[in-house]
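First up is the structure itself, then whatever we jot down about it.
The values are calculated or read from the model by the stated rules, or taken from the named source; none is laboratory data. All figures in this text were calculated on a predicted structure; none of them were measured in a lab. Cβ sites come from the backbone with ideal geometry, for glycine too, and all protein chains shown count toward neighbours. Side chains are part of the model used for accessible areas, which takes the heavy atoms of the whole protein and leaves out ligands, DNA and RNA. Shrake-Rupley method; radii C 1.70, N 1.55, O 1.52, S 1.80 Å.
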Amino acid sequence: MTGTRTNNPIAESRRLIVKIGSSLLVDAATGHIRRAWLESLCDDVARVRARGQEVILVSSGAVAVGRRHLNLTPPLRLEEKQAAAATGQIRLAHAYQEALAKHGVTVAQVLLTLDDSEDRQRYLNARSTLETLLRLGAVPVINENDTVATAEIRFGDNDRLAARVAQMTGSDALVLFSDIDGLYTADPRKDPTARHLPVIDDITPEIEAMAGDPGTGYGSGGMVTKLAAAKICLSAGCRMAICKGDPLHPLAALEAGAMASWFIPTTGARTARKQWIFGSMNPVGRLTLDAGAVRALASGKSLLPAGVVAIDGEFRQGDCVQVVDSSGRVLARGLAAYDSADAARIIGHKSADIETILGWHGRDELIHRDDLVMEG
């Protein structure tokens, strides 16, 4: 559903996340940081903080800055990207420190990888660090740890990283600064009849179709990844905006009513544990259900082995897996109570038979309802 925004999510947010892309922060032709733009953004951040609000910045740009200093020419190999990130990260941190020091604000750099988000204990540790920094009055500047991340363990984009940080910290709003002013019914660069959507409160299949195919969706970083970020935010009860970041003082412009698409949650946030499960970026397996199990899940029940007809992928006990129906439609995701080898032996059987099949007594459920999050 869509509608019209009547409030001011920026002014109303106790805790605000701002995501900055490489194209906004770094001049593509020279590889230099756009100092005037960064200083204008930091002016906005200082103004918001002066009202008693907390701000976290999620910033790209380390590779773009670092490769110039190492005389690297794209396309870069993985190890060259990591080297560029190592060089660029220190320059980015210094640029943020200089820009915010003018306002008497302390900056703290935090580097995260996907594993910090997927592993429950590391997730809690990162959350504790960010909470402490905010309590002490610092502005955390977060980036993916490109110096150690590989293609297999990357977030893949900082839109979803920002959404995970918003979820992790219980933030009230996330702003994704982009090269487009929001979500349209079609790509406005190709379709002159495309209509801008100012407010979205539910990401339906129709809304997802508006973003286009992964890798070809419009917008910097792709609209597909922005909708993935919006799903995480809505699950956490956090509002999210997609808006243009090019103008100076972009946060002030958004607060003053600049065109944007706002994703507004209409229901309360899930429990912290279920938020974490829902936001998991990397389900490592898939369980296919029969019609009876699909109905049982829809009524709020746990997933029993008897209702599973197929298993794909290798996973360990406690890993996040997708749950799908016979057509492949994703119904839910949850934490498996058995590893894939044992799960394959007990699917299609009653829970009372598990001990006989495995030789030891395990849980009756393949996924308990407390560890299961429906997609809808």
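Below, the figures for the structure above:
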| quantity | calculated |
| --- | --- |
| Close pairs from segment 171-189: first on the phi > 0 side of the Ramachandran plot, partner surrounded by fewer than 18 Cβ atoms within 10 Å (Cβ to Cβ), Cβ under 9 Å, at least 6 apart | G182/H196; G182/P198; G182/M259 |
| Total residues in segment 242-289, condition in contact with a Ser or Thr (Cβ under 7 Å, 6 or more places away or on another chain), over 25 Å from V224 (Cβ atoms) and not aliphatic (A, V, I, L, M) | 1 |
| Test: residue in segment 42-54 that is farther than 24 Å from M168 by Cα, of a type in the set (V, I, T) and surrounded by fewer than 21 Cβ atoms within 10 Å (Cβ to Cβ) | no |
| Segment 85-109 - residue that is assigned to a helix (DSSP H, G or I) and free of Cβ contacts under 8 Å to residues at least 40 places away in the same chain and, of those, surrounded by the most Cβ atoms within 10 Å (Cβ to Cβ) | G88 |
| Residue match in segment 60-67 (condition: basic (K, R), farther than 20 Å from R15 by Cα, open to solvent by 10 Å² or more (accessible area, probe 1.4 Å) and touching a Leu at 6+ places or on another chain (Cβ under 7 Å)) | yes |
| Test for L161: is it on the phi < 0 side of the Ramachandran plot, part of a helix (DSSP H, G or I) and in contact with a strand residue (DSSP E or B) (Cβ under 7 Å, 6 or more places away or on another chain) | yes |
| For R14: the one exception among (1) within 27 Å of G279 (Cα to Cα); (2) open to solvent by less than 70 Å² (accessible area, probe 1.4 Å); (3) at pLDDT 90 or above | (2) |
| Among (1) under 30 Å from D181 (Cα atoms); (2) in a loop (DSSP other than H, G, I, E, B); (3) in contact with a Leu (Cβ under 8 Å, 6 or more places away or on another chain), the one test that A269 misses | (3) |
| Pick from segment 17-33, criterion out of contact with any Ser or Thr (no Cβ under 9 Å at 6 or more places or on another chain) and surrounded by fewer than 18 Cβ atoms within 10 Å (Cβ to Cβ), ranking: nearest to A99 (Cα to Cα) | H32 |
| All positions within segment 168-196 that are under 22 Å from A11 (Cβ atoms) and open to solvent by less than 10 Å² (accessible area, probe 1.4 Å) | T169, S171, A173, L174, V175, L176, F177, S178, G182 |
